[in-house]
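Right, one structure below, let's go through it.
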Amino acid sequence: MLAELMLPDQSHARKEDWTIFFLHKDPSEEADAADEVEAQKDVKDETVSPGDAPVQEDGGDLDDDGGEGPPLIYVLNLVNTKLDSTFSSSLWVPFLDTHLYLQPLLLLALEEYYKSPVPETLETLYNAVNSMDLSFMPRLSMFERHILLASDTKDMFTEKFEQMIQQRKIEEARNPDLAPDSPSKLGVEATSQKGRYTVPRDTHEFETKVFYNGVPVPIKVPSALVPETVGDFSFIKLIQTFATVHSTSPQPFALHPHLTTNGAYTHPIIVLVNALLTQKRVIFQGHNRPSGEVAEAVLAACALVSGGVLRGFTRHAFPYTDLTKIDDLLNVPGFVAGVTNPTFANHPEWWDLLCDLPTGRMKISTRLETAPVTEGLVYFQQQNPGFALSPTSLGGKEAMSNDPTGDSLFIEGIMRSINSRHGESVIRSRFREYIIKFARMSAAFEETVYGASALYIGASEADAGAHGVSGHGYVWSDDAAKARELGANVWRIEGWRTTRSYYAFIQDLTAAWERRPIRSIDLAHQHDRLRSQKLSHEDSAAIYIAFAESIRTYEEICQLLTVTPGSNAGLFYIGLGLFHPDFKVRVAAVELLERMIEHEAGRSFWAQLSRFAKLAFFRVKKEAEKRSSEDDAGMENGIGLGLDARVRVGNVGRAS
């Protein structure tokens with residue numbers, strides 16, 4: 001089986017090819033190992049007092065598979081064909097990591113193995129990889145990872161890298177033996193002076209080196225990892241593969257309510273997202289293409305629909321497979337696989353959606369069963385008798401003009417960003433917001449239809465009215481807009497509610513809730529109210545004051561910044577509080593923005609605020625300082641009553 005996975009179809013026709021595949025561990029062996037660890041832990045706990053217990057740093061959520069099983073082994077496989085001989089050779093190395101970023105090292109290792117095919121060569125590679133210095137790479141919290149991934153700012157959290165460097169300098173001062181022999185052996189960039197370090201040029205990637213046979217191989221390790229992101233792939237490449245052909249020569253899809261949510265001419269990328277969300281069988285076919293290309297498309301599709309929020313896709317993904325494993329493949333419900341054999345296209349019973357990479361076309365299987373009628377569907381039919389729940393009957397032009405799901409508008413924005421040369425991180429951030437919105441709409445759907453939702457943890461706390469505000473969940477401009485958008489999404493929401501990713505998301509929400517510093521206020525809900533609704537002065541004042549009262553610590557500010565990314569207007573709506581008619585609210589907005597300026601990540605958000613808002617900030621701050629000094633002077637001179645009189649006169653004048 002390994003030989004077939006390591007030598008893909010037509011590998012002899014190419015000088016080099018890459019594949020990625022996953023190995024599942026034996027659960028029984030994992031259980032035995034876990035029991036042994038627990039036994040050792042029990043013995044250790046008997047000798048450790050509660051005060052000596054180590055504090056576990058945040059970030060363990062990425063190490064938890066949520067009950068799906070033991071962690072996968074991610075295998076990066078390089079196939080290199082020697083044209084001057086009658087055989088081809090390949091090298092495969094398993095890495096227990098979700099980012100496979102060691103391709104340059106494997107190229108050198110394979111060349112070395114050709115020269116010396118002995119176990120010692122592989123041992124040298126193993127030792128080189130495991131000696132990679134990551135001691136200067138900070139471990140980011142859940143909120144910090146989300147902030148970093150949603151930002152293009154290259155110096156985000158640079159202070160954390162500086163702290164790691166300062167810590168190393170202190171350790172070297174105490175123990176000179178820790179200092180490296182030469183700057184070239186450091187895990188980060190170094191000056192010619194011994195023990196001097198600099199932070200990475202871009203904090204999204206940690207730059208290090210692996211020394212293999214005396215050659216320093218530069219390696220870039222992502223600073224922030226999210227679920228379902230495996231390997232090196234491009235959203236832009238995947239989108240352009242299918243969007244270009246669709247824009248120039250659109251072809252209608254066979255209608256299916258789970259997939260064609262905008263009619264027969266639903267954009268193929270939306271069809272792909274819908275297929276993965278509703279756990280359909282998806283195959284990427286690349287006839288006469290390198291196996292690495294189909295593997296990259298599979299991994300990009302998994303990350304696309306995950307958005308760094310949902311999971312359960314890569315565990316049932318087969319970045320490369322072939323006909324010999326079709327029986328095993330068909331036993332997996334809702335898979336996504338990459339193949340190069342054209343035979344798969346002739347068997348629609350094997351797949352629900354076929355994505356053909358050479359032609360840029362997608363095809364819905366004629367064997368795909370129709371979606372069942374659900375309680376949610378019946379509910380919206382009863383509430384909206386004349387409303388088209390899913391525009392599956394719409395034609396091309398009618399579907400484009402009628403966009404109740406908002407998908408057409410979303411894809412248009414994505415294509416504008418790609419055409420404007422926006423980076424990969426921008427596209428990933430927008431798909432992340434798209435998936436978050438879908439999950440929040442699903443929670444609102446469940447509350448509307450079933451009265452409660454497992455997708456919202458802590459609704460009762462958010463509705464208790466702490467700090468003078470209440471409410472939770474996604475926000476629409478009015479009830480009509482809510483009914484229209486929920487009705488348009490009813491099919492795929494109901495399709496998602498029975499999938500693996502749905503139940504895994506509930507587990508993740510429960511775990512994330514325990515790490516939230518602010519639970520009494522739904523920050524996303526209140527920020528959406530400022531963004532989407534026309535609020536009265538009193539309602540908006542309550543939100544600004546609640547934010548100023550509840551958001552003070554470092555992690556609390558991080559929690560707010562996760563709901564105000566740059567692609568969602570950043571601090572724009574927070575800055576609008578500087579123009580509120582109530583002076584107390586303007587001061588509250590100033591206090592909140594001052595905390596942003598002092599925050600490591602908040603400074604970048606403040607820098608992106610408009611000049612107009614910054615001028616208002618300094619004007620309000622100066623006005624507050626002036627009033628404070630006048631009040632102090634009035635109290636010292638005993639003229640407090642006169643000051644109150646002036647205020648009353650001013651109020652009367654404004655009222656008139």
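The values are calculated or read from the model by the stated rules, or taken from the named source; none is laboratory data. These numbers were taken from a predicted model, which means no experiment stands behind them. Methodologically, a virtual Cβ is constructed for each residue, glycine included, from the backbone with ideal geometry; neighbour enumeration extends over all protein chains shown.
The residues of segment 333-363 that are part of a loop (DSSP other than H, G, I, E, B) and touching a residue at least 40 places away in the same chain (Cβ under 8 Å), listed by number, are P333, G334, F335, T340, N341, W351, D352, L357, P358, T359, G360. Selection of segment 447-503 for residues being part of a loop (DSSP other than H, G, I, E, B) and of a type in the set (D, E) yields D463, D478.
Restricted to segment 595-637, and to residues there that are among the acidic types (D, E) and more than 23 Å from E538 (Cα to Cα), the residue that is surrounded by the most Cβ atoms within 10 Å (Cβ to Cβ) is E600.
Apart from one condition, E556 fits all of (1) surrounded by fewer than 22 Cβ atoms within 10 Å (Cβ to Cβ); (2) of a type outside the set (K, R); (3) farther than 19 Å from L523 by Cα; (4) modelled with pLDDT of 95 or more; the exception is (3).
For every residue, the table says whether it meets (1) within 22 Å of the chain's Cα centre (by Cα); (2) assigned by TED's automatic domain parsing to the domain that holds S141; (3) at positive phi.
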position: T208; (1), (2), (3): no, yes, no
position: G214; (1), (2), (3): no, yes, yes
position: L238; (1), (2), (3): yes, no, no
position: P257; (1), (2), (3): no, no, no
position: N262; (1), (2), (3): no, no, no
position: P268; (1), (2), (3): yes, no, no
position: N274; (1), (2), (3): yes, no, no
position: R281; (1), (2), (3): no, no, no
position: Q285; (1), (2), (3): no, no, no
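State yes or no: is V305 over 21 Å from M1 (Cα atoms), among the hydrophobic types (A, V, I, L, M, F, W, C), part of a loop (DSSP other than H, G, I, E, B) and in contact (Cβ under 8 Å) with a residue 12 or more places away in the chain? No, not satisfied.
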